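One structure is given below, encoded as structure tokens.
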Amino acid sequence: MVHKKEPESEPRLYGFTRTASVVLTHLICFGITVFISVLSRPGTSWFSWHPFLMTLAFSFFMTEAILLFSPEGSPIKSFSHKTKGGVHRLLQGLCASCAVLGFAAIFYNKHLSGKPHFTSWHGLLGLLTVCVVIAQSLAAMPLSYPSLAKGWSLAKLKRYHAASGLITYLLGSASMLLGLCSVWFAGAVREYTWYLSALCLVLSALVIMNQVSRSYMAKKRFQS
């Protein structure tokens, strides 16, 4: 009897830990979005739209779009995979739209101020991230319209989409981390708030990485 209980206790502990981490990630992505919204006060200036829209895009919409497929903490866990796919496309579309608008806001703000563009790592990585988000959205179209994917299996397309999506998410997270190093953010918060914000972004990225890697490791075991 003892030998049966010990192997079963580990999966329960791991399952509880994963569920708790996903729930925490939901709270983090919502909390950071609200925090940056209060801090930036969108609408008070052209610049104010940049941190608000970029946080909304990557910390909220993209994070939630991926967590929809989490087996432990999806808010629509009981829905069909097709429904989840539809909501995922909607959230990713909102993510891309907010990213483009946030990029346009900072670009126009620098134009009005007469400041040079893309002079920092945050600006350069941000430009790359927005381009990758647009490319990722366009590349995902064959998943909705299989007739566009000539010579490609749906399973292979899904693997490439998940891998490229994870890279896109990590680029967005890295851009936000560099944004925390900006003069605006560093001057608006205290030191402990800065470290807490950075920790939240890192934790969210780790949870997303774990979800994507686990889902495809499971698929490989199933196929082998």
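The values are calculated or read from the model by the stated rules, or taken from the named source; none is laboratory data. None of these values were measured; they are calculated from a predicted model. Note that each Cβ is placed from the backbone with ideal geometry, even for glycine, and that neighbours are counted across all protein chains shown. Ligands, DNA and RNA are excluded from the accessible area calculation, which covers all protein heavy atoms including side chains. Shrake-Rupley method; radii C 1.70, N 1.55, O 1.52, S 1.80 Å.
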- If r is the Cβ-Cβ distance from A139 to L90 and R0 is 30 Å, what FRET efficiency results, to the nearest 0.05? 0.95
- Ordered by packing density, taken as the mean number of other Cβ atoms within 10 Å over each peptide's residues, highest first, how do 104-112, 81-89, 24-32 rank? 24-32, 104-112, 81-89
- Note on the structure: In whole Hz, the Karplus estimates of ³J(HN,Hα) for the range 115-128 (6.51, -1.76, 1.60; θ = phi - 60°; x where Gly or Pro) are 8, x, 9, 6, 9, 10, 5, 4, x, 5, 5, x, 4, 4
- Query: Measuring from centroid to centroid over Cα atoms, what is the spacing of the range 61-126 and the range 135-150 in Å?
  - Reply: 19 Å
- Message: Among S144, S40, S74, which one shows the highest mean-square fluctuation when the chain is modelled as a Gaussian network with alpha-carbon springs under 10 Å?
- Response: S144
- Message: Given a 1.4 angstrom probe, what's the average accessible area per residue across the chain, in square angstrom?
- Response: 61 Å²
- ³J(HN,Hα) across the range 45-54 via Karplus (A = 6.51, B = -1.76, C = 1.60, θ = phi - 60°), whole Hz, x for Gly/Pro? 6, 5, 4, 4, 6, 5, x, 5, 5, 5
- Task: Roll a 1.4 angstrom probe over the protein heavy atoms and tell me the percent of accessible area of the range 66-141 that is carbon or sulfur.
- Result: 72 percent
- Message: For the pair V202/A155, report the inter-label distance in nm, with labels modelled 7 Å from Cα in the Cβ direction.
- Response: 3.8 nm
- Query: Of L177, L13, L125, which is the most mobile in a GNM of the chain whose springs link Cα atoms less than 10 angstrom apart?
  - Reply: L13
- Item | Interchain or long-range residues, amide H under 5 Å from S74's placed H | none
- Just S113, S197, S37 to compare: in a GNM of the chain, with alpha carbon springs under 10 Å, which one fluctuates most? S113
